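These notes concern the structure reproduced below.
The values are calculated or read from the model by the stated rules, or taken from the named source; none is laboratory data. Note that the coordinates shown come from a computational prediction; the quantities given were computed from them, not determined experimentally. Neighbour counts run over all protein chains shown; Cβ positions are idealised from the backbone, glycine included. In case anyone asks, the SASA skips ligands and DNA or RNA and just uses the protein heavy atoms, side chains included. Shrake-Rupley method; radii C 1.70, N 1.55, O 1.52, S 1.80 Å.
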Amino acid sequence: VCLPNHLHVESTVQALNGGRHVLVEKPMAPTEGEARKMAAAAEAAGKILVTAQSRRHSSAIRYVQDNAAKFGRLRSIEASFCMYWAGPQAPWWRDRTPEQGLVLSQLGSHTLDFVQMMMGHQPTRVHAEAVRWRDCWAADDEAMILLRYPENRLASVHISYDQQPFHERYHLFYDGCVVEVRDVNTVLINDEVVHRPPQGEDATQLVTNELFRNQFAEFAAAVQGKPNRSALHPQGVALTRVIDAALRSALNGHTIELSWPVQTAA
């Protein structure tokens with residue numbers, strides 16, 4: 001499902017009710033309530049529902065996941081994903097209201113998915129600040145989010161549509177080292193490169209292709225009931241709830257407290 005955000009729910013539910021497994025573009029849904037409606041349809045139909053969080057499928061991020069146990073206890077994460085768009089990339093971007101959010105919803109879904117995946121639990125507290133630098137759209141184009149996780153762990157997220165040049169960095173602070181994921185293709189441990197993308201003029205395109213090739217392979221594995229790294233619908237619902245909390249916090253200036261029925265792995 002590769003439609004504007006507000007059309008995800010109806011088309012996903014129709015496809016699930018029609019007996020189809022669904023891979024839906026991020027963000028899963030505009031609100032937590034709508035995400036829960038999609039999840040309920042998947043469970044009722046006995047079908048797989050996955051959110052297309054493509055950036056979690058790079059070999060660099062897999063390297064960090066697969067070696068995390070060697071790094072010690074993860075205490076905190078700094079995530080920054082900033083790019084520049086000269087204007088709306090689709091007409092509906094222009095019309096999104098501050099209540100619906102723009103960068104918080106679009107880029108926030110990427111960065112928060114990474115934070116959730118690495119933390120392995122849901123946040124208990126969320127505070128966000130968002131601003132709009134340019135008048136080519138009505139909603140936020142730059143934001144910062146601070147999250148508190150169980151066991152006194154913290155995460156900060158910086159997202160922007162105003163940054164030139166492109167900047168994507170994830171810093172993970174472990175007891176024994178600092179791990180950096182740079183531009184979703186390179187991993188450094190204590191500033192030493194331990195994983196890098198293919199070299200050559202087509203390296204960027206190769207990495208981009210890798211993200212989507214792996215994403216579809218993991219979706220196929222999920223459909224076949226095999227172990228997979230997909231963002232399955234419980235993760236999608238939880239992520240949508242966190243984005244909702246960030247939007248509410250940015251609008252009213254209050255920190256949002258979150259409680260979860262059971263703190264299971266995100």
Note the full-extension length gain between ASN209 and PHE166 as 0.36 nm times their separation in residues minus their Cα-Cα distance, in nm to one decimal. 13.6 nm
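Inverting the mean 1/r over all pairs of different Cα atoms, compute the Kirkwood radius of the chain and quote it in Å.
19.0
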Which residues' amide hydrogens lie under 5 Å from the amide hydrogen of THR124, considering only partners 5 or more residues apart or on another chain, with H built in the peptide plane? ARG148, TYR149
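Hey, what number do you get for the chain at 222 nm if only DSSP H runs of n ≥ 4 count, each worth -39500 (n - 2.57), divided across all residues, to the nearest 500? Write down the numbers at each step before the final one.
Values: 8 runs with 99 residues, N = 266.
About -11500 deg cm²/dmol.
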On a full-extension model of 0.36 nm per residue, what is the gain between LYS37 and TRP260, subtracting their alpha-carbon distance, rounded to one decimal in nm? 78.5 nm
Over the stretch 122-196, calculate the relative contact order: mean separation of alpha carbon pairs under 8 Å at least 6 apart, over the residue count, as a percent. 18
Expressed as a whole percentage, what fraction of the accessible surface of the stretch 1-40 belongs to carbon and sulfur atoms when a 1.4 Å probe is rolled over the protein heavy atoms? 54
Which value, in Å² and to the nearest 10, is the accessible area of HIS21 when all protein chains are kept and the probe is 1.4 Å? 70
How many Å² of accessible area per residue for the chain, probe 1.4 Å? 47
SER259 accessible area, 1.4 Å probe, all protein chains in place, Å² to nearest 10: 90
For the pair ALA44 and LEU154, what calculated FRET efficiency results from E = 1/(1 + (r/R0)^6), where r is the Cβ-Cβ distance and R0 = 35 Å, to the nearest 0.05? 0.40
Sparse-neighbourhood loop hits (chymotrypsin sites (Phe, Trp or Tyr not before Pro), the stretch 175-260; DSSP loop; Cβ within 10 Å at most 11 others) -> none
Short version: what are the Cα gyration tensor semi-axes of the stretch 140-200, square root of 5 times each eigenvalue, largest first, in whole Å? 23, 21, 7
Could you sort ILE243, ILE189 by their accessible area in this structure, using a 1.4 Å probe and putting the largest first? ILE189, ILE243
Any chance you could list P(r) for the stretch 28-125, counting all Cα-Cα pairs in 5 angstrom bins from zero, rounded to whole %? 2, 9, 15, 19, 19, 16, 12, 6, 2, 0
Would you mind telling me the share, in percent, of accessible area of the stretch 58-203 contributed by carbon and sulfur at probe 1.4 angstrom? 49
Along the Cα-to-C-beta direction of ALA90, a point sits 7 Å from the Cα; which residues of the stretch 2-38 have their amide N less than 14 Å from that point? 2-12, 24-30
Under the 0.36 nm per residue contour assumption, what length would be gained going from the current alpha-carbon distance of GLU99 and TYR63 to full extension? 9.3 nm
If you keep only loop residues by DSSP, which trypsin sites (Lys or Arg not before Pro) in the stretch 50-138 have at most 14 other Cβ atoms within 10 Å of their Cβ? ARG73, ARG134
Counting other C-beta atoms within 10 Å, and keeping those with at most 12, which DSSP coil GluC sites (Glu not before Pro) do you find in the stretch 149-225? GLU201
Using heavy-atom solvent-accessible surface (probe 1.4 Å) with all chains present, what is the largest-first order of LYS26, LYS226? LYS226, LYS26
